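A quick write-up on the structure given underneath.
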Amino acid sequence: MTNTRRAIANITYMGVNITQNIAPYLKSFTFYDNEGESDDISIDLEDRERKWQGPWLPQKGDKISASIELRNWYKEGATTKLNCGTFFVDDVSFKGPPDSVSIKALSVPFTKGGKDTKKTKAWENTTLQTILTDVAKEAGLKLVYDAPTFLYDRVEQDKKTPLAFAKSLAKREGLATKVTKEQLVIYDELQYEKKAEVRTITRGEDDVKSYDFKVSAAEEQYSKVELSYFDSKTKKNIKYTYNVPGVKDGPALKINKRAKNLEEAKRWAQAEARNKNKGSKSGKITLMGNEKMVQGVTVNIKNFGAFDGKYFIESSSHNVTGGYTTDINLREVLSY
């Protein structure tokens, strides 16, 4: 007898595994694996018996752990798993008829004062990693830092939420942020783009369900970035121009901020060039469910004509609705 290929959404609610309990009611489970914001999950349930709108109604902040278990997915007898992480109930909605309940949960814990509380604070003579460690703690998270060391004379958090402030600091240095598994993850996006592709996605393969690629004229690539820095020897502000590699014809981007020295000006200019140019060629692919297609990895795109090349997965969604499908949003990697 051949074992059936199966994808199972494993759900633990407030420390109790409820996978079997909710199986008769589960319409769909989706895990959203995001960059620059919190991961999240959505659980849709049939509720004709009115359990979820009654005694089983989830409360805001309740803790959910989730994973997707694949049985016989690639070969008979094999089991693999995608650990989605830990989430906290943010929103519960109810509609009908027929009655159904949708639960949305985020990977950001609900700390005292609320996750959207804006704060003001200052740091002096310290590193980016130290600042982000403090910010992560304030948000109820642990910091995972995979990036170079940057030293600052003074940094101010001016009426920003901890995560918005962390994202702004990281973006200035060309770093990416992610909130997952109760961690604030900071990583060097360029270095992650240089990593080996986890697979090649070839047009015409059985697991490729649909695709949509575009080159956006609105995302015209900048050929140079201009900003100023303070020269400690001459005691003057000096204009620095970063010429973007491989981009000959394009507008100049002028940045209205001052770096403390030439090294910092070079870093910030390169980061700004990446932030502005990285969205010019992008795409979306729907695949038969694949647990390896997660945010932060690279893939090779083949037989898609002018869109062939190496791409970075900016976000992915994994949906279990009877079967299992994966959507990936990707953009072409940059050389700088």
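Laboratory data are not the source of any read-out in this text; all were calculated from the coordinates shown. Keep in mind it's a predicted model, so treat the numbers as computed, not measured. Glycine gets a Cβ as well: all are built from the backbone with ideal geometry, and neighbour counts include every protein chain shown.
Just from its helices, what would the mean residue ellipticity at 222 nm be for the chain, if runs of 4 or more DSSP H residues each count -39500 (n - 2.57) and the sum is divided by every residue, rounded to the nearest 500 deg cm²/dmol?
-4000 deg cm²/dmol
How far is helix 262-277 tilted off the main Cα axis of the chain, in degrees rounded to 10, range 0 to 90?
With both axes taken from Cα atoms, the answer is about 40 degrees.
Mind putting a number on the dipole of segment 198-336 about its Cα centre? Charges go on the C-beta only, +1 for Lys and Arg and -1 for Asp and Glu, and I need it in Debye to the nearest 20.
Roughly 940 debye for segment 198-336.
Given Leu128, Thr117, Gly96, which one lies farthest toward the positive end of the charge dipole of segment 42-195, if we put +1 on the Cβ of every Lys and Arg and -1 on the Cβ of every Asp and Glu?
Of Leu128, Thr117, Gly96, it is Thr117.
Along the charge dipole of the chain, Cβ charges K/R +1 and D/E -1, which of Ile68, Gly305, Pro245 sits furthest on the positive end?
Result: Pro245, furthest along the dipole toward the positive end.
Stick to the Cα atoms of segment 6-106, pair each with every other, and give me the Kirkwood hydrodynamic radius in Å at one decimal.
About 14.3 Å for segment 6-106.
No solvent, one uniform scatterer per C-alpha: report log10 I(q)/I(0) for the chain via the Debye equation at q = 0.14, 0.15 1/Å, two decimals.
-1.21, -1.31
Could you please tell me the mean projected area of the C-alpha convex hull for segment 220-277, averaged over all directions and given in square nanometres to one decimal?
3.7
Enter the Cα centre distance for the pair segment 168-187 and segment 137-162, rounded to the nearest angstrom.
Value for the Cα centre distance between the two parts: 9 Å.
Neighbour counts of other C-beta atoms within 10 Å: give me Arg267, Arg258 arranged from fewest to most.
Least to most surrounded, the residues fall as Arg258, Arg267.
Holding the Cα-Cα limit at 31 Å, pick out from Lys248/Lys310; Lys81/Lys142; Lys195/Lys233; Lys63/Lys167 the pairs that are longer than that.
Check vs 31 Å cut-off fails for Lys195/Lys233.
Just to compare against my own numbers: the Cα pair-distance distribution for segment 177-336, 5 Å bins, whole % per bin, please.
2, 8, 15, 16, 16, 14, 11, 7, 5, 3, 2, 1, 0, 0
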